[in-house]
Amino acid sequence: MPGKFCKFLGECGSCTLDMPYEEQVKFKTEFIRCEFAPFYRGEFEFFASQSAAYRTRAEFGVWRDGEELRYTMHGAKTRRVMIDECPKVAAPIANLMPRLLEALAKNQILKERLFGAEFISCASGILATLLYHKRLGEAEQGEIESLARELAGHRVTIAARAKGQKLLSSELNLRDSLNIGGKIYKFTFGDGAFIQPNTAVNEKMVAWAKGCVECGADLLELYCGHGNFTVPMSEKFKRVLATEISKSSIANALKNCELNGVDNIKFLRMSAEELMSAFRREREFNRLRELDIFSYDFSHVLVDPPRAGLDDSVINFIKNYENIIYISCSPQSLKRDLAQLALTHEAVKFAVFDQFANTAHIECGMLLRSKNA
């Protein structure tokens, strides 16, 4: 049965599913059911997306044809696809895109060697980042400031980025809010931070993960980012230890604790592998000099790894704990990791989060419980 889906749902999860959304839901659910049948026989929770206008983060190429500019995307069989509109992006981005392109087409400085545009839409407005194959200077700085004023009705900040350079039309202040189970959480994050592209489904993901915990002692979270899961989840635990390698993400995570009045989280700027080494007492870290990591009583571990999945050292470490909440952006790496975790844990909950409606991409969540619990 899984072979039936492979040409759509292989490693390339960005291809388009050309079918009504209701059929996409059935298609993806059946794929996950077949793939994970050896590990899970219970009910699958499917968290649907809006079928359009759902992406709050988007990236496009920009193609210059004479004096005309066009947005582009890369197609599967062609090098470049010209697009006039993108139904997937959230309304604020969709409304800005044609106005921005029209203004850029008339600006000789800003359209010179422009090759891409990225958009982030959040509660504080839109960040539009222009990507260049050239050295940026005072001329570009003045022009992006003028462009931001021209597009002020869209609440937009303009950034211009080239190799080793970044210009901003004004001070960057990206803020958003999430409604998790009726409670509002506030977040600040940087322009280079990883953020979930579908805010509505992200809210469902965090709420689902929070619902996996009835009563917890301490939580260990790996790959925490700016605290997307950490801050809401902290209410379920006495203490939280969370790790992330990005310095800017840790800085924003600390700000997000302040914004939400949270004081039981300790953030560490360490990789998951470094923390594993510290727990095995293989190496001493200055960052841990004033923290006794062995004083924690972890009842739950939350992992949200990159597409490659978990390192073997992480798997061997987390399988020592009773409850594992695994958020995955790749069914392939999740299935591979689960082959090891299933030796000590059983799957008790399984969720599918449709972050990317109309594509073959699938995100999953699993609650694993120790067989010795």
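The values are calculated or read from the model by the stated rules, or taken from the named source; none is laboratory data. Because the structure is predicted, anything quoted here is derived from the model rather than measured. Note that we place each Cβ from the backbone using ideal geometry, even for glycine, and neighbour counts take in every protein chain shown. Note: accessible area is taken over every heavy atom of the protein model, side chains too, but ligands, DNA and RNA are not part of it. Shrake-Rupley method; radii C 1.70, N 1.55, O 1.52, S 1.80 Å.
Only one of the numbered conditions (1) of a type in the set (D, E, K, R); (2) part of a strand (DSSP E or B); (3) at pLDDT below 95 is not met by R161, and that is (3). Return the residues of region 253-265 that are surrounded by fewer than 21 Cβ atoms within 10 Å (Cβ to Cβ) and not in a loop (DSSP other than H, G, I, E, B); say none if nothing qualifies. Those that are surrounded by fewer than 21 Cβ atoms within 10 Å (Cβ to Cβ) and not in a loop (DSSP other than H, G, I, E, B): L254, K255, C257, E258, L259.
Set side by side, the residues E203, E140 differ, and just one is buried (at least 19 other Cβ atoms within 10 Å of the Cβ), farther than 24 Å from E235 by Cβ, in contact with a strand residue (DSSP E or B) (Cβ under 8 Å, 6 or more places away or on another chain) and at pLDDT 95 or above, which is E140. F46 meets each of the listed conditions (1) open to solvent by 20 Å² or more (accessible area, probe 1.4 Å); (2) under 22 Å from P197 (Cβ atoms); (3) modelled with pLDDT of 95 or more; (4) outside any strand (DSSP E or B) apart from (4). Take the conditions touching a residue at least 60 places away in the same chain (Cβ under 8 Å) and either closer than 24 Å to F353 by Cβ or hydrophobic (A, V, I, L, M, F, W, C) (or both) and apply them to N198. Does it pass? So N198 fits the description; yes.
A count restricted to region 171-196 and to residues that are surrounded by 13 or more Cβ atoms within 10 Å (Cβ to Cβ), among the polar types (S, T, N, Q) and either within 16 Å of the chain's Cα centre (by Cα) or assigned to a loop (DSSP other than H, G, I, E, B) (or both) stands at 3.
Scanning region 239-256 for residues that are more than 20 Å from L288 (Cα to Cα) and more than 17 Å from the chain's Cα centre (by Cα) returns a single hit, K255. The set of residues in region 103-152 being in a strand (DSSP E or B) and at positive phi consists of G125 alone. Scanning region 313-324 for residues that are within 26 Å of K204 (Cβ to Cβ), without any contact (Cβ under 8 Å) to a residue 40 or more places away in the chain and polar (S, T, N, Q) turns up nothing. For region 76-108, a tally of residues being within 30 Å of the chain's Cα centre (by Cα), surrounded by 10 or more Cβ atoms within 10 Å (Cβ to Cβ) and among the basic types (K, R) returns 3.
Do the conditions hold for F60, that is, is it hydrophobic (A, V, I, L, M, F, W, C), open to solvent by 20 Å² or more (accessible area, probe 1.4 Å), in contact (Cβ under 8 Å) with a residue 40 or more places away in the chain and in contact with a strand residue (DSSP E or B) (Cβ under 8 Å, 6 or more places away or on another chain)? It is false that F60 is hydrophobic (A, V, I, L, M, F, W, C), open to solvent by 20 Å² or more (accessible area, probe 1.4 Å), in contact (Cβ under 8 Å) with a residue 40 or more places away in the chain and in contact with a strand residue (DSSP E or B) (Cβ under 8 Å, 6 or more places away or on another chain).
For G227, state whether it is over 20 Å from F189 (Cα atoms) and either assigned to a loop (DSSP other than H, G, I, E, B) or of a type outside the set (K, R) (or both). Answer is no for this residue.
Can A159 be described as within 30 Å of S295 (Cβ to Cβ), among the hydrophobic types (A, V, I, L, M, F, W, C) and in contact with a Ser or Thr (Cβ under 7 Å, 6 or more places away or on another chain)? So A159 fails the test. Restricting region 266-307 to residues that are among the aromatic types (F, W, Y) and outside any strand (DSSP E or B) leaves a set whose member that is nearest to N228 (Cα to Cα) is Y296. When the test is whether a residue is of a type in the set (A, V, I, L, M, F, W, C), loosely packed, with under 13 Cβ neighbours inside 10 Å and at pLDDT below 95, M73 does not pass it.
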